[in-house]
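What follows is a set of notes on a single structure, which appears directly below.
The values are calculated or read from the model by the stated rules, or taken from the named source; none is laboratory data. The structure presented is a predicted model; accordingly, all values stated were derived computationally and were not measured. For neighbour counting, all protein chains shown are included, and Cβ atoms are generated from backbone atoms with ideal geometry for every residue, glycine included. The accessibility values were calculated without ligands, DNA or RNA, using every heavy atom of the protein model including side chains. Shrake-Rupley method; radii C 1.70, N 1.55, O 1.52, S 1.80 Å.
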Amino acid sequence: MKKWKIASPDKKIAENLSKNGGISMLCAEVLAARNIKSLEEAAQLLNCDGLSDPFMLQDMQVAVDVINEAIDSGVPICIYGDYDCDGIMATVILYSYLLELGVDVTYYIPERDEGYGMNEAAVRKLKEEKVGLIVTVDNGITALKEAELIYELGMRLVVTDHHQPLEELPRAEAVVDPHRSDCPSPYKKYCGAGIALMLVAALNDGDYTIAMEAFAELAAIATVADVVDLSGENRFLVQRGLMYLANIERPGLLALMEKSGVLGKPLTSTSLAFSIAPRINAAGRFSSPSRAVCLLLAEEQDDANKLVDELELCNRARKEEEEKILLEVEKQIARQPYLLSERVLIFAGKNWHHGVIGIAAARLQERFGKPVFMITIEESGARGSARSFGEFSVFDCLNACREHLTKYGGHPGAGGFSLEKESIPEFIKSIAKYSAEYFPEMPVLTVKADKLMLPVDMTIENIGGLSVLEPSGAGNPSPVFALCHAVLKELVPLSGGVHTKLKLIYGTMAIEALLFRVSPENVNLKPEDMCDLLVSAGINTYNGRKSISLIVQDYRRSGVKQAKYFAALSAYDKFVRDEELSKAYYAAISPKREELVAVYKSIGEKAIDIDALFMRMQSIDMNYCKLRIALDIFNELGLVSIDLYNGTVKKIHIDGSVNLEDSVLLSKVRKKGEV
């Protein structure tokens, strides 16, 4: 179960925004819920009309001077990119621009097996190819050793990046990164391709005309793909990129859009995030990132179509590998269930595809509500990828554990790292020590709703007015609304039972909501249950007729006291980790015999969701920690089978009787309560 946080927007502020801003009341309430208090603030969020002066980025003028000097001197230049969508787009932007100028320019993007960022072998190879100036895009800010090597070999370096810098900057002619402590740029949240586009503008004396017309769509895709904050200047960049994409002539993007099914349809940031970006990323994961670069540089449609077919095969392989890794994680959890009670979840496996472990980490974080570190163990060493949320920063954690790493980098929410295989056990211990010291109570994965949407709010005009908030993404998410105390009337299977339509009565209003990728039999609700839902809302148009579309993001039975739930979950994790709790806590989580009997009777031979079982136990006011301990007691005695990966439990048929007093776990928790 996820924590819900439902905002209560200020009605007076919302009324002022709606009346004087010409937006729907529902849209105004969303803005008010996001702490927008005035028309000026709303305009700043929604109506950014351009990018700031590129020369406000520290060292940008120096970077331009160095590049122009190399151009004038005929010095070969190499654009050193990265293998993800952002790095690929940034490479294409700067390489294409310089190539059009007739510059002696090449590009280098490391393969996944080389690891993130610059590496010694690549630097030496570029020296052999007579490169005199290396310009990084979307990497380089932490490449201290490689930067020194570049100068030892007689080359020069310009770094452009958007990742967090270390205390020491790399040796370079210029280091352009908005996160430098001395950078005066008013906006800090660009992706690597955004910085590359600004460099192109700076090479045109700060004029964005050429840069935007030629590359806005590439920077927009990268901005969405890299999940950087979609507000302010990034919002403008994505808006402009979507506008250019609607009339795109670049063969590679036309082929991509057709293959992903979005060609000719209204484009949104969601289209970019789930249709185009994954196929670009797939090249760096299952082929070579250079294939994606070739696709975007293709001048003939036939060539582009062949290349996009390659990327489609890569994307399918990515999905298969992702499922394979998750299946192995499921098996690890079955063997070592205590792993899920750690503050930070860490999974390691042999030869997991290093291009997929980041995606798997994101999936597992969403499933279990904790930061996740994934490590693939290979013949030459080990590499990892991590995802997090809230106040727990991946970058800070990696930095604190850096003595065990050979390379690392990233953001608060995501990062990558490399280490020796022998260092893995100590690295895992170091993460546990860091998280226990700085986060005795870990952040809880929280789903935020912009407001409680009442039946009166659900009009075509109100919901249609939400379109002014597009494009949506990180920092400006699509609106989510809470519906509380709706009564479920019917579960209708869709697409052969793959999806479910929920028919509900909300107040006096009959409504329908779609629940994707959940079959009716796996919905933990039954007709006449009162439930709460978090939904996104939009407008469907069919044969000229408009209707409201509600998509379920999360749901639960009404009546959950979530503060008690998460406190009890935290207590359970501490109990499993064998951390001391107060004597009163042990008394509260020690199940009595009659409670054990009640729980056991509520479990059938068909798997039931543990959270759904918890809701059933509210009739006897059982806290979540006590329930989990009861299930562990039954599991110890061979009475039930627990599937922690899927969060379910089912009864095991046995012959004869079992004495509950034989449970070592039950004895342990009782004794601790007596001490």
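Quick one: work out the % antiparallel among DSSP beta bridges in the chain, nearest 5.
65 percent
Among 91, 118, 187, which residue has its Cα furthest toward the positive end of the charge dipole of the chain, with +1 on Lys/Arg Cβ and -1 on Asp/Glu Cβ?
187
How many percent of Cα pairs in the stretch 345-483 exceed 24 Å?
It works out to 41 percent of all Cα pairs.
For a bin width of 10 Å, list the pair-distance distribution of the stretch 118-202 built from all Cα-Cα distances, rounded to whole %.
It works out to 18, 50, 27, 5, 0, in whole percents.
Among 591, 562, 550, which residue has its Cα furthest toward the positive end of the charge dipole of the stretch 546-627, with +1 on Lys/Arg Cβ and -1 on Asp/Glu Cβ?
550
Please state, as a whole number in µm²/s, the translational diffusion coefficient that the Stokes-Einstein equation yields for the stretch 412-545 at 25 °C and 0.890 mPa s, with Rh defined as the Kirkwood radius across alpha carbon pairs.
Approximately 130 µm²/s, per Stokes-Einstein.
Compute, for residue 404, the solvent-accessible surface of its heavy atoms (probe 1.4 Å) with the complete set of protein chains present, and express it in square angstrom to the nearest 10.
40 Å²
I need the fraction of alpha carbon pairs in the chain separated by more than 51 Å, rounded to a whole percent.
Across the chain, Cα pairs with separations above 51 Å total 16 percent.
At 0.36 nm per residue, minus the direct Cα-Cα distance, what do residue 320 and residue 437 gain on full extension? Give it in nm, one decimal, please.
38.3 nm is the gain from fully extending residue 320 to residue 437.
In whole percent, how big is the carbon plus sulfur part of the accessible area of the stretch 236-312, probe 1.4 Å, protein atoms only?
Solvent-exposed carbon and sulfur of the stretch 236-312 make up 48 percent of the total.
Excluding ligands and nucleic acids, what accessible area in Å² is computed for residue 4 using a 1.4 Å probe, to the nearest 10?
Only protein atoms counted, so the area is about 20 Å².
Across the stretch 593-652, how many lysine pairs separated by 8 or more positions, or lying on different chains, have Cα atoms within less than 14 Å?
4
How long is the stretch 320-360 along each principal axis, judged by its Cα atoms, biggest number first, in Å?
Largest first, the stretch 320-360 extends 26, 18, 15 Å along its Cα principal axes.
Treat the stretch 251-398 as a sphere of radius equal to its Kirkwood radius over Cα pairs and apply Stokes-Einstein at 10 °C in a medium of 1.306 mPa s; give the translational diffusion coefficient in µm²/s, rounded to a whole number.
Answer, rounded: 94 µm²/s.
What FRET efficiency do you get for residue 529 and residue 350 if R0 is 30 Å and r is their Cβ-Cβ distance, rounded to the nearest 0.05?
Plugging the Cβ-Cβ distance into 1/(1 + (r/R0)^6) gives 0.10.
Report the normalised scattering of the stretch 564-671 as log10 I(q)/I(0) at q = 0.17 Å⁻¹, calculated by the Debye formula with identical scatterers on the alpha carbons.
-0.78
Straight-line reach from residue 259: which aspartates and glutamates fall under 16 Å, measuring Cα to Cα and dropping same-chain residues less than 8 apart?
249, 302, 303, 309, 310, 312
Taking the Cα atoms of the stretch 601-651, what is the range of coordinates along each of the three principal axes, in descending order and whole Å?
25, 21, 18
Rounding to the nearest 20 debye, state how big the charge dipole of the chain is about its Cα centre with +1 on each Lys and Arg Cβ and -1 on each Asp and Glu Cβ.
Using only the charged Cβ atoms, the result is roughly 3360 debye.
For residue 601 and residue 567, what is the calculated FRET efficiency with R₀ set at 30 Å and r taken between the beta-carbons, to the nearest 0.05?
0.70
I'd like the trypsin sites (Lys or Arg not before Pro) in the stretch 510-565 restricted to DSSP loop residues with at most 15 other Cβ atoms within 10 Å, sorted by number.
517, 561
Let me see the pair-distance distribution of the stretch 310-393: every alpha carbon pair, 5 Å bin width, integer percents in order.
3, 15, 25, 25, 18, 10, 4, 1, 0
Using helices alone, what [θ] at 222 nm do you get for the chain, with -39,500 (n - 2.57) per DSSP H run of 4 or more residues, divided over all residues and rounded to the nearest 500?
Roughly -13000 deg cm²/dmol at 222 nm, from the helical runs in the chain.
What dipole magnitude, in Debye to the nearest 20, does the stretch 1-80 give about its Cα centre under +1 on Lys/Arg Cβ and -1 on Asp/Glu Cβ?
1020 debye
Rounded to the nearest 20 debye, what is the charge dipole size of the stretch 20-152 about its Cα centre when +1 sits on each Lys and Arg Cβ and -1 on each Asp and Glu Cβ?
240 debye
Against the 2.2 N^0.38 Å scaling, with N counting residues, where does the stretch 207-337 land? I'd like the Cα-based Rg ratio to two decimal places.
Working it through for the stretch 207-337, the quotient is 1.20.
Got a number for carbon plus sulfur as a percent of the stretch 95-232's accessible area, 1.4 Å probe?
The C+S portion of the solvent-accessible surface of the stretch 95-232 is 46 percent.
What Kirkwood hydrodynamic radius do you get for the stretch 1-126 when you take the inverse of the mean 1/r over all pairs of distinct Cα atoms, in Å?
19.2 Å
Considering only C-alpha atoms, what is the centroid distance from the stretch 296-340 to the stretch 539-588, in Å?
Spelled out, the Cα-based centre of one part sits 30 Å from the other.
Two decimals is fine: what's Rg over Rh for the stretch 471-611, C-alpha atoms, Kirkwood radius as Rh?
1.07
Once both labels are modelled 7 Å past Cα along the beta-carbon direction, what's the residue 330-residue 41 spacing in nm?
About 4.6 nm, to one decimal.
Please compute P(r) over all alpha-carbon pairs of the stretch 58-138, binned at 10 Å starting from zero, and give each bin as a whole-number percent.
18, 50, 29, 2
May I ask you to compute the full-extension gain from residue 490 to residue 578, defined as 0.36 nm times their residue separation minus their alpha-carbon distance, rounded to one decimal in nm?
Difference between extended and current length: 27.2 nm.
Taking a probe of 1.4 Å, how large is the accessible area per residue of the stretch 131-278, in Å²?
The answer is 35 Å² per residue.
If you take all C-alpha pairs in the stretch 1-67, what percent of them are over 20 Å apart?
The share of Cα pairs beyond 20 Å in the stretch 1-67 comes to 50 percent.
Using a 1.4 Å probe, how large is the accessible area of residue 65, given in Å² and rounded to the nearest 10?
Counting only protein heavy atoms, residue 65 exposes about 80 Å² to solvent.
Note down the Stokes-Einstein diffusion coefficient of the stretch 350-397 in µm²/s, whole number, using a Kirkwood radius over alpha carbon pairs, 10 °C, and 1.306 mPa s.
D = 143 µm²/s.
Work out the charge dipole of the stretch 366-428 with +1 on the Cβ of Lys and Arg and -1 on the Cβ of Asp and Glu about the Cα centre, then indicate which of 415, 380, 397 is farthest towards its positive end.
415
For residue 11 and residue 204 in the same chain, what is the full-extension length gain: residue separation times 0.36 nm, less their Cα-Cα distance, in nm?
64.7 nm
Test of understanding: express the Cα radius of gyration of the stretch 367-445 as a ratio to 2.2 N^0.38 Å, with N the residue count.
For the stretch 367-445, the normalised Cα radius of gyration is 1.04.
In whole angstrom, how long is each semi-axis of the equivalent ellipsoid of the stretch 167-239, when you take the square root of 5 times every eigenvalue of its Cα gyration tensor and sort them from largest down?
Semi-axis lengths for the stretch 167-239 are 21, 16, 11 Å.
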